[in-house]
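Laboratory data are not the source of any read-out in this text; all were calculated from the coordinates shown. Just so we're clear, the structure is a prediction, and the values are computed from it rather than from any experiment. Glycine also receives a Cβ, built like all others from the backbone with ideal geometry; neighbour counts cover every protein chain displayed.
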Ligand code: AGP
């Protein structure tokens with residue numbers, strides 16, 4: 001998704017802006033640009049990576065102690081310099097960068113053109129620049145305030161003007177903005193990760209708030225133009241979090257971080273003496289927990305797959321009916337929801353537009369909402385009634401790996417927590433906690449499959465289609481394995497319940513269509529083995545992820561990846577690693593951009 005960084009202070013703005021923007025590269029984009037104020041507006045834009053922008057600026061830096069910059073993920077208008085941000089308003093009286101979508105830009109554009117404003121791009125964002133310019137008299141903030149009510153849609157935006165040097169204005173409606181507070185310098189960004197190393201204190205803007213920044217002071221205005229004292233947070237992010245270290249890609253680094261991440265997700269939350277788990281932020285007491293008679297989980301992508309595993313976990317250990325809904329569907333479906341139903345949003349970024357909207361819609365109807373989220377201060381983290389942080393650390397790779405593991409770990413703890421307020425016995429709770437505590441080391445052991453997976457990737461990386469098959473706890477993992485492959489290798493892949501093959505998809509099977517079977521020991525092992533043999537009987541190559549002592553799979557499958565033997569409810573955590581590594585190595589062999597796959601963004605903040 002698009003990234004925004006703004007600066008005003010006593011230092012040259014350009015290097016700070018470019019450094020902050022580089023921290024947002026992982027979010028995915030297709031062009032970038034930068035504007036500074038130094039008596040007049042200086043502007044430079046470039047299609048492609050930030051490196052292209054840097055090349056244009058080499059030897060010709062833009063002067064000025066304040067400025068804004070942007071990475072664009074195209075929504076309106078093609079990928080070209082003209083459509084890159086910043087956009088100028090009027091004859092260069094203002095420069096604006098914008099995240100979000102202005103839905104009424106077409107009529108506004110026609111009105112502004114009728115007033116004589118000349119557009120240079122096909123974007124919706126340029127409308128904002130000319131609209132602010134059309135109100136610009138002797139107060140930049142007032143011009144912004146007059147423009148905003150005419151915009152329909154979403155925005156996170158930053159504005160500078162050569163007529164008002166040193167002033168940086170930000171405004172938020174539906175797309176995140178965070179203010180970084182420095183010593184005689186202020187920062188503005190769409191994501192706190194851009195501020196690591198620059199600011200130690202941050203303020204997260206809420207919807208319909210405006211921030212007015214100068215080197216010496218910061219001010220937050222609400223919709224009524226009244227100032228107030230928002231909560232100031234410590235920024236718990238350090239540049240080291242984003243270092244690649246010895247790894248070739250962030251995705252690989254984050255795959256290897258999973259044992260530690262799992263440990264951090266559990267840390268401080270196990271109550272061994274009571275054989276249960278505790279969370280600091282659920283904001284639900286035991287009585288309220290007992291009243292819950294239905295849970296709807298809503299999420300997107302990999303987080304949706306984690307939710308599907310959470311359905312199994314909570315229904316198994318807490319006996320509470322759970323439904324899982326794609327957020328993009330749930331937000332518009334308006335299902336009947338009883339008062340003792342809670343809505344749980346699962347998200348890494350905490351900014352996914354559909355998940356945020358689904359939770360807001362639920363709150364609007366009086367439902368209690370919870371969020372499982374990885375980013376402190378994110379919109380979802382701040383808007384739900386209670387929640388649990390994943391503590392996975394910044395996830396840079398677009399393909400989610402360690403956040404997924406943390407989500408499944410937290411969902412397991414949540415299932416125990418709910419179960420122990422109802423039917424789950426002390427002994428059962430104690431056993432689960434004991435098995436969970438062993439998992440970081442079991443994941444370390446699982447990572448030893450790496451070389452085997454890399455060798456198998458060599459054999460299958462030219463496939464055009466792949467099938468992923470599993471049952472029960474491992475059906476969501478079939479979906480997740482397929483998504484990992486799709487999103488970084490661009491190979492078409494589909495996940496199915498293994499038994500579903502007979503109802504049509506088996507027509508796809510031929511010698512060029514490998515099937516990945518998730519077949520560790522378990523209650524439906526024999527059924528999955530039958531499905532595996534059905535594929536083999538039709539000439540389909542089979543890659544099996546199975547337990548090391550399974551001679552039958554060795555005899556039947558073309559290739560086998562061994563994983564440790566764990567209880568079924570923990571198998572998703574184990575099989576996730578070979579599935580992630582398989583996608584990684586196939587993508588590597590295909591020369592794909594592992595950490596920034598084409599067309600994708602790390603956080604989808606537009607619907
Ligand atoms: C996962 O590998 C994808 N990058 C994507 O599906 C992601 O899980 C989805 O966009 C949801 O993001 P969130 O967890 O930040 O809400």
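Tabulated data
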{"read-out": "Exposure proxy ranking, count of Cβ atoms within 10 Å, fewest first, for 68, 432", "value": "432, 68"}
{"read-out": "Peptide ranges 159-165, 52-58 listed from the most packed, as the mean C-beta count within 10 angstrom indicates", "value": "159-165, 52-58"}
{"read-out": "Part-to-part distance (alpha-carbon centres) for the range 314-337 and the range 44-68, which is given in Å", "value": "47 Å"}
{"read-out": "Residue 122 paired with residue 216, simple spin-label distance in nm, labels 7 Å along Cα-to-beta-carbon", "value": "4.7 nm"}
{"read-out": "FRET efficiency for residue 283 and residue 232, using Cβ-Cβ distance with R0 set to 30 Å, rounded to 0.05", "value": "0.85"}
{"read-out": "Inter-label distance for residue 103 and residue 338, nm, one decimal - labels placed 7 Å from Cα along Cα-to-Cβ", "value": "3.3 nm"}
{"read-out": "Cα-based shape type of the range 1-82, given that a ≥ b ≥ c are square roots of the gyration tensor eigenvalues and the cut on a/c is 1.5", "value": "prolate"}
{"read-out": "Helix 402-419 vs. the chain, principal-axis angle (Cα, 0 to 90°, nearest 10)", "value": "70 degrees"}
{"read-out": "Computed FRET value (nearest 0.05) for residue 138 with residue 52, which takes r as the C-beta separation and R₀ as 41 Å", "value": "0.60"}
{"read-out": "Shape category assigned to the range 349-472 from the gyration tensor of Cα positions, a/c cut at 1.5", "value": "oblate"}
{"read-out": "Cα centroid separation - the range 509-559 against the range 156-216, whole Å", "value": "54 Å"}
{"read-out": "Cβ-derived FRET efficiency at R0 25 Å, residue 113 paired with residue 598, nearest 0.05", "value": "0.15"}
{"read-out": "Rough spin-label spacing in nm, given labels placed 7 Å along Cα→Cβ, for residue 465 and residue 184", "value": "6.6 nm"}
{"read-out": "The chain: relative contact order in percent, alpha carbon pairs under 8 Å with at least 6 residues between", "value": "12 percent"}
{"read-out": "Cut-off 16 Å (backbone N to label point 7 Å along Cα→Cβ of residue 428), residues of the range 267-306", "value": "275-277, 290"}
{"read-out": "For the chain, alpha-carbon Rg over 2.2 N^0.38 Å", "value": "1.01"}
{"read-out": "For the range 512-572, alpha-carbon Rg over 2.2 N^0.38 Å", "value": "1.05"}
{"read-out": "The range 458-512 shape via C-alpha gyration tensor axes, a/c threshold 1.5", "value": "oblate"}
{"read-out": "Stokes-Einstein D (µm²/s) once Rh is taken as the Kirkwood radius of the range 410-497 over alpha-carbon pairs, at 25 °C in 0.890 mPa s", "value": "156 µm²/s"}
{"read-out": "Rounded to 10°, Cα long-axis angle of helix 426-437 versus longest principal axis of the chain", "value": "70 degrees"}
{"read-out": "Additional length obtainable on full extension of the chain from residue 63 to residue 323, 0.36 nm per residue less Cα span", "value": "88.1 nm"}
{"read-out": "In degrees, nearest ten, helix 353-364 long axis to first principal axis of the chain (Cα)", "value": "90 degrees"}
